[in-house]
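Asker: Quick one: this structure, given as structure tokens, is what I'll be asking you about.
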Amino acid sequence: MLKVIDICKRFENKLVLENISFEIKKGMIFSYLGPNGAGKTTTIRILNGLLKYDCGKVIFNDEEMSPYDVRLRKRSGLLTESPGFYERFDAIKNLKFFGSLHGLNENDLDNRINQMLKEFDLFQYKDKPVGTYSKGMKQKLALIRALIHDPDIVYLDEPTASLDPETSIFVRNLILNLKKNGKSVFLSTHNLNEAEQLSDWVALINKKIVVQGPIEKLKSMLFGKNIIIEFKGDLEKVKSILREYQFEIYDYKIRLKNVDDIPKVIKELIYGGINIYYVYQEEHNLEEIYLEMISK
Amino acid sequence: MNLKNVNIIFQKDLKELLTLNIVKFSIIFFPMLFLFILSSVLIISFYQIGHLSNLPLSTFPVNNGNIHNLEIFYYIALNYLILLSVVPLGLSTTIASYSIVGEKQQKTIEPILATPLDDKELFFGKLLAPLIPTLIASYISIFIYTIIADYLSSNLGGIIFPNIQWFIIVFIFIPSSTALEILFTLLFSSRVTDPRSAQQISGMIILPIIIIFILSLFYYSYEPILLSIMTIAVIISDIILFKIAVKLFDRERIITRWI
């Protein structure tokens, strides 16, 4: 659906994006993670035809796009970092304005607005000025705006930032529903738990892509498949039993680097009189991957 | 360029601007205030016409040694009409600055640019939104003024407006100078976050230029050719500034400067 090949971007001779490449397939949730100033919003703006890129290619639905290409904007939906509405207008007026700029005819637009306001629990507030809405309500309204023209791909820039837990759950469920309906989602977030729960593919960016792939693949690539053995017994004795193996010991836990050593290590520990309580594969989360890679 | 999109921007801006009390007040109050002052002065001038005709003939541009009361009245009425054209300039600065700064304050420009809207469509929408209400409000006051001037002049033996000068001032000079003012405001509003700053900056730069044109008209308005030359100068300035503004009004500049 969307292929980004080696795009770069400069602002007044300062390189802010360097050879960014990735691919987003239909129905994929793609998380784009990175520190502030890493270029996440710039990438989103480029892919929505708001900023031009200085090199590289963007291929959307098998067609090569040009910078500012209107085809990108027609088939994409954008949730901007701050919702941004005409505060003195009600929800209907706001949505009609943005919907009509997407070329939707009045009847279709009216029906779609009413249907979406109901789905997002905002129908009863439709006649109230948006300035009176809570942050969560504005975010829901901004999501309706991003989806009003039924785009193929939705770009969500920090969709749950500073939202209450209830609205955050609503947004996460919405993202999963979009995926279920075959829509692709580009998720830029600082919330690593959210990205871990939702993503099919993760890209870490810090002006250039640091690492990318499915989370499980990243975990095994970065940390290997370490095995943890929890025990009780003499630490020095354990160290002497395991002297021929690659391992680390902390808090009465042995971290074995090589999966193939497990049977032999367990056998030797038991023969050595060490009590073993648990044996399991070490779990890593996205936060550890993020910190490991960004620190590099 | 899709005119439907221009109209969508124009309609939205107009609706939004009319929710602002300062804009509603400006649109109604200033044209009526100028109309009241200038019509009052015109009525006073009408009753003083006998005294005015005692002024040296060199005071008036038509100096054939046999100046008629109607000609004196026409000269005065024409000059006040030119003064009335200051109204749309002030009004348009106020409205245009709120139109741009409003988008910045409410952070709505990014979602707008994320739609299939073209930069030029946005630009034309933003140009028309202050221009149309300003012209309508100004034309209402000008037409009332014209009726008053004609009613008074009919007592002196003739109808003075509309004539060629009236048409040039009302339908060419006023729209083109108002457009010039709006173009300046559109350019300078992008650099500030407060409507008042936008008004001050654009007013400081453009109003003196326009006022020079208006003052010049006091001397040349009697001659349609000279009046036309002055007006053409404004139109040329419009075209030059328009080209600059369109070039500078690109989405990357808007995104990086307005947000």
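Read the figures in this text as sums done on the coordinates, not as results from a lab. Note that the structure is a prediction, hence the values are computed from the model and not measured. Note that each Cβ is placed from the backbone with ideal geometry, even for glycine, and that neighbours are counted across all protein chains shown.
Asker: What does the charge count around A:ALA142 come to, taking other residues whose C-beta lies under 14 Å from its C-beta (Lys +1, Arg +1, Asp -1, Glu -1)?
Answerer: Here the count lands on 0.
Asker: Just to confirm the number: angle between the C-alpha axis of helix A:286-295 and the first principal axis of chain A, 0 to 90 degrees, nearest 10?
Answerer: The angle comes out near 90 degrees.
Asker: So if the hydrodynamic radius of the range A:107-216 is defined as the Kirkwood radius over C-alpha pairs, what does Stokes-Einstein give as its diffusion coefficient at 37 °C and 0.692 mPa s, in µm² per second?
Answerer: The Stokes-Einstein estimate is 215 µm²/s.
Asker: Starting at 0 and stepping by 5 Å, how many percent of the alpha carbon pairs of the range B:85-175 end up in each bin?
Answerer: Calculated P(r), rounded to whole percents: 3, 12, 17, 17, 13, 11, 8, 7, 5, 4, 2, 1, 0.
Asker: Let me ask another. Farthest toward the dipole's positive end in chain A, which of A:VAL4, A:ALA195, A:GLN281, given Cβ charges of +1 (Lys, Arg) and -1 (Asp, Glu) about the Cα centre?
Answerer: Highest projection toward the positive end goes to A:VAL4.
Asker: Over 10 Å intervals from 0, what percent of Cα-Cα pairs in the protein assembly as shown sits in each interval?
Answerer: Values per bin, smallest distances first: 3, 15, 19, 17, 13, 11, 8, 6, 3, 2, 1, 1, 0, 0.
Asker: Between A:ASN258, A:LEU50, A:ASN114, whose Cα lies farthest towards the positive end of the dipole of chain A when Lys and Arg beta carbons carry +1 and Asp and Glu beta carbons carry -1, centred on the Cα centre?
Answerer: Result: A:LEU50, furthest along the dipole toward the positive end.
Asker: Something else: All other residues with a Cβ under 11 Å from the Cβ of A:LYS257 taken together, and with Lys, Arg as +1 and Asp, Glu as -1, what is their net charge?
Answerer: That works out to -2.
Asker: Would you work out the charge dipole size for the protein assembly as shown about its Cα centre, treating the Cβ of every Lys and Arg as +1 and the Cβ of every Asp and Glu as -1, and quote it to the nearest 20 debye?
Answerer: 340 debye
Asker: Next question. Helix-only mean residue ellipticity at 222 nm, the protein assembly as shown, DSSP H runs n ≥ 4 weighted -39,500 (n - 2.57), per residue, nearest 500. What is it?
Answerer: That calculation yields -18000 deg cm²/dmol at 222 nm.
Asker: For peptide A:44-54, compute the average count of partner chain beta-carbon atoms within 10 Å of each residue's beta-carbon.
Answerer: Partner-chain Cβ atoms within 10 Å, mean over residues of A:44-54: 3.
Asker: Sort B:137-146, A:117-126 by the packing proxy (mean of other Cβ within 10 Å over each peptide's residues), most packed first.
Answerer: Packing order, densest peptide first, comes out as B:137-146, A:117-126.
Asker: Using the Cα centre of the protein assembly as shown as origin and beta-carbon charges of +1 (Lys, Arg) and -1 (Asp, Glu), tell me which of B:THR178, B:SER237, A:GLY131 is placed farthest towards the positive end of the dipole.
Answerer: A:GLY131
Asker: Using a Förster distance of 22 angstrom, determine the FRET efficiency expected from the C-beta separation of A:LYS118 and A:ASN177, and round it to 0.05.
Answerer: Approximately 0.90, to the nearest 0.05.
Asker: Counting Lys +1, Arg +1, Asp -1, Glu -1, what net charge surrounds A:ASP121 among other residues with beta carbon under 14 Å of its beta carbon?
Answerer: Neighbourhood net charge equals +2.
Asker: Can you list the lysines whose alpha carbon sits under 17 Å from that of A:LYS239, skipping same-chain ones fewer than 8 residues off?
Answerer: Answer for A:LYS239, where 17 Å is the Cα cut-off: A:LYS253, A:LYS257, A:LYS264, A:LYS267, listed by chain and number.
Asker: Ratio of alpha-carbon Rg to the 2.2 N^0.38 Å globular estimate for the range B:108-152, to two decimals, please.
Answerer: Output field value: 1.91.
Asker: To the nearest 10 degrees, how steep is helix A:91-101 against the longest Cα principal axis of chain A, on a 0 to 90 scale?
Answerer: Its long axis makes an angle of about 80 degrees.
Asker: Calculate the spin-label point distance for A:GLU288 paired with B:THR256, positioning each point 7 Å from the Cα along the beta-carbon direction, and give it in nanometres.
Answerer: About 4.2 nm separates the two model spin labels.
Asker: If you don't mind, another one. What is the ratio of the Cα radius of gyration of the range A:223-284 to 2.2 N^0.38 Å, with N the residue count, to two decimals?
Answerer: Ratio of Rg to 2.2 N^0.38 Å for the range A:223-284: 0.99.
Asker: Here is a follow-up. Within 10 Å, count the other beta carbons around each residue, average over each peptide in B:242-248, A:9-15, and list them highest first.
Answerer: Going by the mean number of other Cβ atoms within 10 Å, highest first, we get B:242-248, A:9-15.
Asker: For A:79-85, what's the mean count of beta carbons from other chains sitting within 10 Å of each residue's beta carbon?
Answerer: Mean partner-chain Cβ count within 10 Å for A:79-85: 5.
Asker: Starting from the Kirkwood Rh over alpha-carbon pairs, what translational D in µm² s⁻¹ does chain A have by Stokes-Einstein at 10 °C and 1.306 mPa s?
Answerer: Translational diffusion coefficient: 73 µm²/s.
Asker: Charges only on Cβ, +1 for Lys and Arg, -1 for Asp and Glu: so what's the dipole of chain A about the Cα centre, in debye to the nearest 20?
Answerer: My answer is approximately 560 debye.
Asker: What's the magnitude of the charge dipole for the range A:223-284 around its Cα centre, counting Lys and Arg as +1 and Asp and Glu as -1 at the beta-carbon? Answer in Debye, nearest 20.
Answerer: 100 debye
Asker: Quick one: of A:LYS126/B:LYS107; A:LYS57/A:LYS225; A:LYS40/B:LYS247; A:LYS140/B:LYS12; A:LYS128/B:LYS24; A:LYS26/B:LYS15, which pairs are farther than 30 Å apart, Cα to Cα?
Answerer: A:LYS57/A:LYS225; A:LYS26/B:LYS15
Asker: Here's a follow-up. Averaged over A:98-106, how many beta carbons belonging to a partner chain fall within 10 Å of each residue's beta carbon?
Answerer: The per-residue average across the peptide is 5.
Asker: How far, in degrees from 0 to 90, does helix A:165-180 lean away from the longest principal axis of the Cα atoms of chain A, to the nearest 10?
Answerer: 90 degrees
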